[in-house]
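The values are calculated or read from the model by the stated rules, or taken from the named source; none is laboratory data. Treat the numbers as computed from the prediction; the structure is a model and nothing was measured. Virtual Cβ from ideal backbone geometry, glycine too; neighbours counted across all protein chains shown. Quick note on the areas: whole protein, heavy atoms, side chains included, nothing else; ligands and nucleic acids left out. Shrake-Rupley method; radii C 1.70, N 1.55, O 1.52, S 1.80 Å.
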Amino acid sequence: MSTTRAIVITEPHRLALRDVTLTDAGPDDVVVQTVFTSISAGTERMLLAGRMPHPMLQFPVVPGYETVGRIVARGASVPAEYDGRWVYVGGARCFRDVNPAWGGQAATLLVDYRRVVPLDEMQPDHGVLLALAATALHGVDLIAGTGQNLTGRRVLVLGQGPVGQFAARIARAQGAWVAVSDRVASRLERSVADLRVDVTSESLVAALQQPVDTIIEATGSMAALSDALPLLAHNGVILLLGYYDELRLPYMPLFLKQARLLTAKEWGEGDLQRTCALLAAGVLDASALITHRLPVARFEEAYATALNDPECLKLVIEWDG
């Protein structure tokens, strides 16, 4: 049986880089040699803390769903066109002796070829942002489903982490006037928006002056959303793009404004491919969002930085592949 190196959460708050045993490759599988991974601050923070509300939470576990690598082998049923291609892998369940859960933080992955996303036209390391960009695209699509054409609409995006950054870029590309807010100046500097508000020094209400048609919440903070509710126009839409242990909002402003509350999970079918096309075409610019890089040998430092450093938007772990 073959093995590969993987980052393993052995128990809450404890990481290790060690060998794990791979399953056998099937006729529909490709073998992906990992070159870049990243750390999903929301998901992996909860997983590392042992509080992920998910039936697959069982230690030891291989985290990660933001992997980019090259296909180095393929099964008999895989088309020859997949040979050598750069691909994004949103996790893999290919280990015998550990819980794969998401499974992306490993040097070698075995995955059904129909689950990989080719990155032929884009810079490969930008592929680690594909999942978060697709999540933002999926959320903004939900707003259109309420009948709101974003052209000419006023949109406020709370939080300029990667999902909020992409949500603002997508809304603006669709013709919206976009304001963004955050507590970290360096994140606002990387934003693509018509108005940037540092809420540590300026009131959102004073800065915007007029109501907004849509609030996109991407901080994960109910307090941040509560503070912004006075800005919502009548019949306005609130999109939740963060993750929340519970919803705690004052009901009166929602009631008076007949607000519509939308929740978005991750990406939907076809969203990864659509997002890849937007990144490749330059409609979405990812280059400013990769702020840190570390080799896999410094995995503990990488996790500490990605989870605790507010200056870190996206950290790329570089493997030896």
Somewhere in the stretch 255-267, is a residue under 19 Å from Thr135 (Cβ atoms), hydrophobic (A, V, I, L, M, F, W, C) and at pLDDT 95 or above?
yes
For the list (1) touching a residue at least 40 places away in the same chain (Cβ under 8 Å); (2) open to solvent by less than 50 Å² (accessible area, probe 1.4 Å); (3) not aromatic (Phe, Trp, Tyr), I need the number of the one condition that Val72 fails.
(2)
Going by the structure shown, is Cys276 touching a strand residue (DSSP E or B) at 6+ places or on another chain (Cβ under 7 Å) and farther than 13 Å from Val128 by Cα?
no
Among (1) of a type outside the set (Asp, Glu); (2) open to solvent by 20 Å² or more (accessible area, probe 1.4 Å); (3) under 19 Å from Gln174 (Cα atoms), which single condition is Leu137 missing?
(2)
Can you report the number of residues in the stretch 144-176 which are surrounded by fewer than 21 Cβ atoms within 10 Å (Cβ to Cβ) and among the small types (Gly, Ala, Ser)?
6
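When residues of the stretch 22-42 are filtered for being outside any strand (DSSP E or B) and open to solvent by 30 Å² or more (accessible area, probe 1.4 Å), how many remain? Please lay out each step first, then the result.
Here is the first cut: in the stretch 22-42, the residues outside any strand (DSSP E or B) are 23-28, 39-42.
Right, trim to open to solvent by 30 Å² or more (accessible area, probe 1.4 Å) and you get 23-25, 27-28, 41-42.
So the count comes out to 7.
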Looking at (1) under 18 Å from Gly145 (Cα atoms); (2) of a type in the set (Gly, Ala, Ser); (3) under 19 Å from the mean Cα position of the chain (by Cα); (4) buried (at least 20 other Cβ atoms within 10 Å of the Cβ), find the lone condition where Gly270 falls short.
(4)
When you go through Ala179, Ala224, Ala206, Ala193 one by one, which is the residue that is hydrophobic (A, V, I, L, M, F, W, C), part of a helix (DSSP H, G or I) and buried (at least 17 other Cβ atoms within 10 Å of the Cβ)?
Ala224
Filter the stretch 279-303 for residues that are open to solvent by 50 Å² or more (accessible area, probe 1.4 Å) and assigned to a helix (DSSP H, G or I); which is modelled with the lowest pLDDT?
Ser287
